[in-house]
Amino acid sequence: MKNNRKLVLFIAASLDGYIAAKDESLDWLYKVEGEGDNGYSEFYETIDIVLMGRRTYDWILKNVTGDFPYKDKECYVFSRSATGDNEEVKFVKDNIVGFTNELKQQEGKNIWVVGGGELLHSFLKEKLIDELILTVAPTLIGNGIPLFKEDDLHLELSLKGIKRFNQFVELHYEVQK
């Protein structure tokens, strides 16, 4: 039987398309009134691998108190200057396409692309992303770190579902391949 493991982006963004302010702050996001955990727990149960870029990993280490938030999942950090693996993550330096395709071929749950923008852009260019789950905050921040980088990229998406979490709207898309 064919494995249906998917590479899924699950992320929040401002209405004007930013995932963080210029100073990497998410203060704007926490000011929005949501509902429960805005679908996070439900999504988190569908994945067993977490992928992120080095800047996102460094942000987590700097800004998240307590235990590493993904310690119960297999976690990989893509980095041009990979450092030694630790009990929380393994670093990946080379061939992100081959590495990611290999993960997708293994048995298991879906794979979560946590962030950030650079890594997402690479995955989109290589047509590795299968689904995008975007939670939109009703906030305009004007500038910051964009969800999508400017490029000649063209992907067709199909809407799978819409959910509302008080002031947040979750848009769930499948990438047409």
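A residue that is over 17 Å from the mean Cα position of the chain (by Cα), over 16 Å from Val8 (Cα atoms) and without any contact (Cβ under 8 Å) to a residue 60 or more places away in the chain occurs nowhere in region 102-120. Just to be sure before I move on: is Val89 over 13 Å from Gly115 (Cβ atoms), of a type in the set (A, V, I, L, M, F, W, C) and under 18 Å from the mean Cα position of the chain (by Cα) in the structure I sent? Taking the combined requirement at face value, the residue satisfies it.
Within region 63-70, can one find any residue that is charged (D, E, K, R), closer than 24 Å to Asp23 by Cα and either buried (at least 16 other Cβ atoms within 10 Å of the Cβ) or modelled with pLDDT of 95 or more (or both)? The answer is no; no qualifying residue exists. Tell me yes or no: at least one residue of region 113-122 is modelled with pLDDT of 95 or more and either assigned to a helix (DSSP H, G or I) or over 19 Å from Tyr57 (Cα atoms) (or both). No, because not a single residue in region 113-122 is modelled with pLDDT of 95 or more and either assigned to a helix (DSSP H, G or I) or over 19 Å from Tyr57 (Cα atoms) (or both). Scanning region 131-171 for residues that are under 13 Å from Ala12 (Cβ atoms), aromatic (Phe, Trp, Tyr) and under 14 Å from the mean Cα position of the chain (by Cα) yields no hits at all. Taking interchain pairs and intrachain pairs at least six residues apart, which have beta carbon atoms under 9 angstrom, with the first residue in region 141-159 and at negative phi and surrounded by 11 or more Cβ atoms within 10 Å (Cβ to Cβ) and the second outside any loop (DSSP other than H, G, I, E, B) and among the polar types (S, T, N, Q)? Once the first residue is at negative phi and surrounded by 11 or more Cβ atoms within 10 Å (Cβ to Cβ) and sits in region 141-159, its partners that are outside any loop (DSSP other than H, G, I, E, B) and among the polar types (S, T, N, Q) give Ile141/Ser14; Leu147/Ser14. Output the residues belonging to region 101-111 that are in a loop (DSSP other than H, G, I, E, B) and either of a type in the set (S, T, N, Q) or within 25 Å of Leu147 (Cα to Cα) (or both). Correct list: Gln106, Lys109. So is Val114 among the β-branched types (Val, Ile, Thr), farther than 24 Å from Phe148 by Cβ and surrounded by 10 or more Cβ atoms within 10 Å (Cβ to Cβ) or not? Taking the combined requirement at face value, the residue does not satisfy it.
Within region 119-130, is even one residue crowded, with 19+ Cβ neighbours inside 10 Å and more than 26 Å from Tyr70 (Cα to Cα)? Scanning region 119-130, I find no residue that is crowded, with 19+ Cβ neighbours inside 10 Å and more than 26 Å from Tyr70 (Cα to Cα), so the answer is no. Screening Phe78 with (1) in contact (Cβ under 8 Å) with a residue 40 or more places away in the chain; (2) surrounded by fewer than 18 Cβ atoms within 10 Å (Cβ to Cβ) gives one miss only, at (2).
The values are calculated or read from the model by the stated rules, or taken from the named source; none is laboratory data. All values reported here derive from a predicted model rather than from experimental measurement. We place every Cβ from the backbone using ideal geometry, glycine too, and count neighbours over all the protein chains shown.
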